[in-house]
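Following this message is one structure expressed as structure tokens.
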Amino acid sequence: MNKTVEVLPDQPALVARALELILSKLETAIEQRGRFTIALSGGSTPKPLYEAIATQKLPWDKIHIFWGDERYVPPDHPDSNELMTRRAWLNRIDIPGANIHPVPTLEANPELAADKYEKHLKEFFNSSGVEFPALDVVLLGMGDDAHTASLFPHTEALKVRDRLVTVGNKDGNPRISFTYPFINSARSVIFLVAGANKRPALAQVFAPVADDFTYPSRLIQPQGELWWLLDTAAGLELQH
């Protein structure tokens with residue numbers, strides 16, 4: 001694993017650096033493999049990044065969009081990560097509908113939805129073997145409890161190692177989430193973390209020893225590159 005930590009002055013600088021990094025990975029992926037695959041995160045921090053990507057002139061037909069996690073709500077619900085992304089980015093560009101791969105959230109239950117998304121991912125990546133497929137970029141955030149995607153502290157989702165997708169649990173509300181081994185199979189994982197309220201969790205995530213099930217972001221140790229992009233408010237104590 002190749003780990004890089006960068007502390008940026010503020011959120012606009014954080015967004016600008018993330019954009020630069022994603023465009024670089026996109027260019028390499030299309031050059032080498034003919035397409036670029038990215039899994040997105042929800043929340044307020046990446047929204048301006050999505051708005052910035054929407055202004056770029058890119059080969060949208062070669063770009064495939066997935067989501068690393070989703071709330072189990074209809075796609076037109078205000079809490080939907082897909083809806084936020086469509087408004088900030090996807091509705092503003094000319095991308096083929098088949099290149100957008102949303103999490104199914106209208107199944108009879110979340111377990112069926114997780115199975116369906118896993119099946120879709122395996123078909124897309126033509127993956128039937130033991131090894132997990134590798135997305136080019138997985139974009140992650142981190143909560144002040146150190147959760148990432150919908151992998152929350154001391155939940156059953158943290159124990160799932162043999163699947164791509166599982167059901168997360170946030171205070172009794174189901175979420176659909178990539179598993180941490182699937183995230184770890186990515187070529188690049190990029191964390192975007194902003195705000196002083198994240199400092200205590202970051203200290204535990206970066207500590208030499210701490211409990212992975214209490215601080216789930218510690219489980220993210222990808223085979224490829226790991227990028228932590230932090231604003232000064234979040235990363236103050238990690239600056240050397």
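Less than 11 Å Cβ to Cβ from Leu58, Lys/Arg counted +1 and Asp/Glu -1: what total charge do the surrounding residues give?
Summing Lys/Arg as +1 and Asp/Glu as -1 gives -1.
Would you work out the relative contact order for the stretch 144-240, in percent, from Cα pairs under 8 angstrom that are 6 or more residues apart?
33
Separate question: Counting Lys and Arg as +1 and Asp and Glu as -1, what is the net charge of the other residues whose Cβ lies under 12 Å from the Cβ of Leu8?
Neighbour charge sum, excluding Leu8 itself: -3.
List the equivalent ellipsoid semi-axes of the chain in whole Å, largest first, each obtained as the square root of 5λ for an eigenvalue λ of the Cα gyration tensor.
Computed over the chain, the values are 24, 22, 18 Å.
Under the rule of at least 5 residues apart or a separate chain, name every residue whose amide H is placed under 5 Å from the amide H of Ala39.
Amide H to amide H, under 5 Å and 5 or more residues apart or across chains, Ala39 pairs with Phe66, Val137, Val138, Leu139.
Right, another one. With a 1.4 Å probe and every protein chain left in place, work out the accessible area per residue of the chain in Å², rounded to a whole number.
With all protein chains present, the chain gives 45 Å² per residue.
Take every Cα pair under 8 Å in the stretch 83-202 that's 6+ residues apart, average their separations, divide by the length, and report that relative contact order as a whole percent.
26
Positive end of the charge dipole of the chain (Lys, Arg +1 and Asp, Glu -1 on Cβ, about the Cα centre): tell me which of Ala201, Gly235, Pro174 has its Cα farthest that way.
Ranked along the dipole, the leading option is Gly235.
How much space per residue, in cubic angstrom, does the convex hull of the C-alpha atoms of the stretch 130-240 take up?
Value for the stretch 130-240: 100 Å³ per residue.
Please list, ordered by chain and number, the residues whose modelled amide H lies under 5 Å from the amide H of Tyr72; skip anything fewer than 5 residues away on the same chain.
Ile176
Just how large is the dipole of the stretch 114-240 about the Cα centre, in debye to the nearest 20, putting +1 at every Lys and Arg Cβ and -1 at every Asp and Glu Cβ?
Roughly 160 debye for the stretch 114-240.
Lysines within cross-link reach of Lys62: Cα-Cα under 28 Å, excluding same-chain residues under 8 positions apart?
Lys3, Lys25, Lys47, Lys116, Lys119, Lys122
Would you calculate, for the chain, the mean residue ellipticity at 222 nm contributed by helices, counting each DSSP H stretch of 4 or more residues as -39,500 (n - 2.57) and dividing by all residues, to the nearest 500?
Mean residue ellipticity, 222 nm, calculated: -8500 deg cm²/dmol.
Here's something else I'd like to know. Counting only protein heavy atoms, what percent of the accessible surface of the stretch 1-140 is carbon or sulfur at a 1.4 Å probe?
It is 49 percent, rounded to a whole number.
Remind me, relative contact order of the stretch 1-111 in percent, using alpha carbon pairs under 8 angstrom and six or more residues apart?
Dividing the mean separation by the residue count of the stretch 1-111 yields 25 percent.
A further question on this structure: Using a probe of 1.4 angstrom, how much of the accessible area of the stretch 164-240 is carbon and sulfur, in percent?
Carbon and sulfur atoms account for 50 percent of the accessible area of the stretch 164-240.
Between the stretch 10-48 and the stretch 190-240, what is the separation of their alpha carbon centroids in Å?
19
Enumerate the calculated ³J(HN,Hα) couplings along the stretch 118-133 in order (Karplus 6.51 cos²θ - 1.76 cosθ + 1.60, θ = phi - 60°), each rounded to whole Hz, writing x wherever the residue is Gly or Pro.
4, 4, 4, 4, 5, 5, 4, 8, 6, 10, 10, x, 6, 6, 7, x
Only Lys, Arg, Asp and Glu count, each charged at its Cβ (+1, +1, -1, -1), so figure out the dipole size of the chain about its Cα centre, rounded to 20 debye.
I would put it at about 300 debye.
The values are calculated or read from the model by the stated rules, or taken from the named source; none is laboratory data. Not measured: the values here are computed from a predicted model. Here Cβ is always computed from backbone atoms with ideal geometry, including for glycine, and neighbour counts include all displayed protein chains. Side chains are part of the model used for accessible areas, which takes the heavy atoms of the whole protein and leaves out ligands, DNA and RNA. Shrake-Rupley method; radii C 1.70, N 1.55, O 1.52, S 1.80 Å.
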